[in-house]
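To keep things clear, I will list the structure first and then write my remarks on it.
The values are calculated or read from the model by the stated rules, or taken from the named source; none is laboratory data. Because the structure is a prediction, the values reported are computed rather than measured. Using ideal geometry, Cβ is built from the backbone for each residue, glycine included, and neighbour counts are taken over all protein chains shown. Just the protein is used for accessible areas: all its heavy atoms, side chains included, with ligands, DNA and RNA removed. Shrake-Rupley method; radii C 1.70, N 1.55, O 1.52, S 1.80 Å.
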Amino acid sequence: METPAEIGLARWHEVVESRDPSKLPGMIAADAVFRSPAVHTPQQGRELVTAYLAGALLVLGPELTYHDEWTRERDAVLRFTTVVDGLQVEGVDLITWDDDGQIVGFTVMVRPFKGLEAVIRRMQEELAKLSG
């Protein structure tokens, strides 16, 4: 039997590979929480988490590549690299799933600082489009 992390990771990688944010709402729990390196307060609820993850798919773009994964039954750490506005970006996604494999927690950490600044700038642009 697959663990919640195995189910959730398969769904997450499918979304990242397809770059199709329309699949996100069905894989995010209603009470999910997103923690961004750019925003001090946690973003709560399926709608906000979906918006942030959809924006991240666009900002991190086609060069988003996962290099390593460490998993437990209900959570995982994924190390990634990408390029944003010509800057190399390295980061980590910390994802937690419920018993049904739906995302309940998603935390992103990004380095270096100039890369984080580029991600923040681009995420602000994408979130403005989504809410506008």
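Numerical summary
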item	result
Relative contact order for the chain, counting Cα pairs under 8 Å that sit 6 or more residues apart, in percent	27
1.4 Å probe accessible area per residue over the range 9-119, in Å²	51
The range 12-89: translational diffusion in µm²/s, Stokes-Einstein, Kirkwood Rh over Cα pairs, 20 °C, 1.002 mPa s	158
Net charge of neighbours whose Cβ lies under 11 Å from the Cβ of Gln88, counting Lys and Arg as +1 and Asp and Glu as -1	-1
Separation between Cα centres of the range 7-32 and the range 109-132, rounded to whole Å	20
Length released on extending from Lys129 to Asp31, taking residue separation times 0.36 nm less the Cα-Cα span	32.9 nm
Three principal axis lengths of the chain [C-alpha, angstrom, descending]	43, 32, 27
Value of relative contact order over the range 3-71, rounded to a whole percent, pairs C-alpha under 8 Å and six or more apart	27
Positive minus negative residues near His13 (Lys, Arg vs Asp, Glu; Cβ under 13 Å)	-3
Label-point separation, Asp100 to Glu17 (7 Å along Cα→Cβ), nm	2.5
Summed residue charge, Cβ within 11 Å of Pro62's Cβ, Lys/Arg positive, Asp/Glu negative	-1
FRET E, pair Lys114, Val77, Förster distance 25 Å, beta-carbon r, rounded to 0.05	0.60
Qualifying trypsin sites (Lys or Arg not before Pro) for the range 13-77 [loop in DSSP, other Cβ within 10 Å: at most 15]	Arg19, Arg72
GluC sites (Glu not before Pro) restricted to DSSP loop in the range 1-81 with at most 14 other C-beta within 10 Å	Glu2, Glu63, Glu73
